[in-house]
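Enquirer: Right, I'll just put the structure down here and ask away after.
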C-alpha cells in the first residue's frame, strides 16, 4: 500500500507539473500576442517625438493631445463621420451575409435539385480564387452600374451569398442538425419556408453569430475595397481615415495614428464580447454530426 501511495503521489506530481508547464507556455504566448497592443496603447498617450525613443510600455510623458489631434485627420473630416460610415457598412454587410449565406446553405444542405453537388463543388472552388483576380472585373462591373463613390460595392454583394466560406460553414452546421425535425414539421403541414424560419434559423444561431461577427470584423478592417470604390473623403471608412496619418514625403503623425487605432478596436470588442459564447459554440460544433 505504501508503494501504491508513492506511485499515486508521483503521478499527481507529474500531472501538476504538466499542467503548470502548459499554463506557463500559454501565458508566454499571451504576453507575446498582447505586447504590440499594450505598446500601442501606451504610445497613444505619448508625444510623437518620444514614441520610438522609449522602448518601454509606459510613456515617460502622458498626454491626451494625440486623441484630440487625431479625431480630426482633415480640417473638414472627423472620426465621428468615419466611425459612422464604417458601422453602417459593416452592419449591413453582416446582416446581408447572415441572410444570404443561411438561405444558400439551407438549399445545399436540405433541398434536392439538379446539379446540386456540382454547384456546391464550384462554390467551394471559389474559396481558392485569389481576390486580386476579381478586382478588375468587379471594378468594371461596378463602374458600369454607376456604383463608384457609393457603398453599394461594399454591401450589395453580401446579400448575394458571395462569401463561399460562410456558406460552407453554415452548410456543415445545418447538416449536423437532425433531419427528423424537418420531417416532423413537414408531416404537420409545414413547407420549406416554415421549416427554414421556425426550425433551421433558431437552431443555427451559433453559426449565424459566427458569420455575423467575422463578417463585421472583416468589413470593419477592409482597406482595399473602400480604397478602390470611395474617393470622396466624407465617405471614408476608419481604415482610410487611419491612412491619412501616413505621409511618404513628410513626417507621419504616429501619435494620432496610434490613438485612433486604439479607438478603432473598441467597436470590435463591443461586438465580439457579447457573442463570445455563441462564437465558440458555432466553431466547435460546425461539421459535427
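Enquirer: Which semi-axes, in whole Å and largest first, does the equivalent ellipsoid of the chain have when worked out from the alpha carbon gyration tensor as the square roots of 5 times its eigenvalues? Mind showing how you got there, number by number?
Expert: On the way: eigenvalues 317, 259, 49 Å².
After diagonalising the Cα gyration tensor, the semi-axes are 40, 36, 16 Å.
Enquirer: Give me D for region 128-268 in µm² s⁻¹, whole number, from Stokes-Einstein with Rh from the Kirkwood sum over alpha-carbon pairs, 25 °C and 0.890 mPa s. Numbers along the way, then the final one.
Expert: Details: Rh = 18.6 Å.
So the translational diffusion coefficient is about 132 µm²/s.
Enquirer: For residue 24 and residue 103, calculate 0.36 nm times their separation in residues minus their Cα-Cα distance, and state this gained length in nm to one decimal. Working shown, then result.
Expert: Working: separation 79, 0.36 × 79 = 28.44 nm, distance 4.44 nm.
That works out to 24.0 nm of additional length.
Enquirer: To continue, here is another question. Full-extension gain between residue 217 and residue 149, please, as 0.36 nm times their residue separation minus the C-alpha to C-alpha distance.
Expert: 22.3 nm
Enquirer: Continuing with this model, one more query. According to a simple spin-label model (label point 7 Å from Cα along Cα-to-Cβ), what is the distance in nm between residue 194 and residue 60?
Expert: 7.4
Enquirer: Any chance you could run the full-extension gain for residue 127 through residue 181? It's 0.36 nm times the residue separation minus the Cα-Cα distance, nm to one decimal.
Expert: Details: separation 54, 0.36 × 54 = 19.44 nm, distance 3.11 nm.
Once the chain is fully extended between residue 127 and residue 181, it gains 16.3 nm.
Enquirer: In whole percent, what relative contact order does the chain give with Cα contacts below 8 Å and a gap of six or more residues? Each step should come with its number before you reach the end.
Expert: On the way: 286 pairs, mean separation 84.6, N = 289.
Relative contact order, the chain: 29 percent.
Enquirer: Could you tell me how far the Cα centroid of region 71-120 sits from the Cα centroid of region 211-280, in Å?
Expert: 16
Enquirer: Could you check the simple spin-label distance between residue 139 and residue 35, using points 7 Å along Cα→Cβ, in nm with one decimal?
Expert: Spacing of the two 7 Å Cα→Cβ label points: 3.9 nm.
Enquirer: Sticking with this one: Compare 247, 182, 163 in a GNM of the chain, Cα atoms joined below 10 Å, and give the one with the largest fluctuation.
Expert: 247
Enquirer: Which value in deg cm²/dmol, rounded to the nearest 500, describes the helix-derived mean residue ellipticity at 222 nm for the chain, given -39,500 (n - 2.57) per DSSP H run of n ≥ 4 and division by the residue count? The partial results should precede the final answer.
Expert: Values: 14 runs with 192 residues, N = 289.
One gets -21500 deg cm²/dmol as the mean residue ellipticity at 222 nm.
Enquirer: Another question about this same structure. Along Cα→Cβ, 7 Å out, is where each label goes; now give me the distance between the ones at residue 159 and residue 118 in nm to one decimal.
Expert: Distance between label points: 3.0 nm.
Enquirer: How do the peptides 92-104, 145-157 rank, highest first, by the average count of neighbouring beta carbon atoms within 10 Å per residue?
Expert: On the way: 92-104: 21.5, 145-157: 16.3.
Top to bottom by mean Cβ count within 10 Å: 92-104, 145-157.
Enquirer: Quick one: 220, 62, fewest Cβ neighbours within 10 Å first, how do they rank? Intermediate results must be reported in sequence, preceding the final value.
Expert: On the way: 220 22, 62 10.
Ascending number of Cβ neighbours within 10 Å: 62, 220.
Enquirer: Could you sort 66-72, 120-126 so that the peptide with the highest average Cβ count within 10 Å comes first and the rest follow in order? Intermediate values should be presented prior to the final figure.
Expert: On the way: 66-72: 17.6, 120-126: 13.4.
In decreasing order of mean packing, 66-72, 120-126 become 66-72, 120-126.
Enquirer: Which of 189, 20, 241 ends up with the largest GNM mean-square fluctuation for the chain, with Cα atoms connected below 10 Å?
Expert: Maximum among the listed residues: 20.
Enquirer: Quick one: if the Förster radius is 51 Å, what FRET efficiency do residue 17 and residue 233 give, using the C-beta to C-beta distance and rounding to 0.05?
Expert: Numbers: r = 59 Å, r/R0 = 1.15.
With R0 = 51 Å, the Cβ-Cβ based efficiency is 0.30.
Enquirer: Given contacts defined as C-alpha pairs under 8 Å and at least six residues apart, what's the relative contact order of region 2-67, whole-number percent?
Expert: Working: 33 pairs, mean separation 16.2, N = 66.
Result for region 2-67 is 25 percent.
Enquirer: Oh, and also: Which residue fluctuates the most in the chain, going by a Gaussian network model with Cα springs under 10 Å, if the choices are 113, 272, 214?
Expert: 113
Taken together, the values in this text are just the output of simple stated rules run on the coordinates, not laboratory data. These numbers come from a predicted model, not from an experiment. No Cβ is skipped: glycine too gets one built from the backbone with ideal geometry, and neighbour counts run over all protein chains shown.
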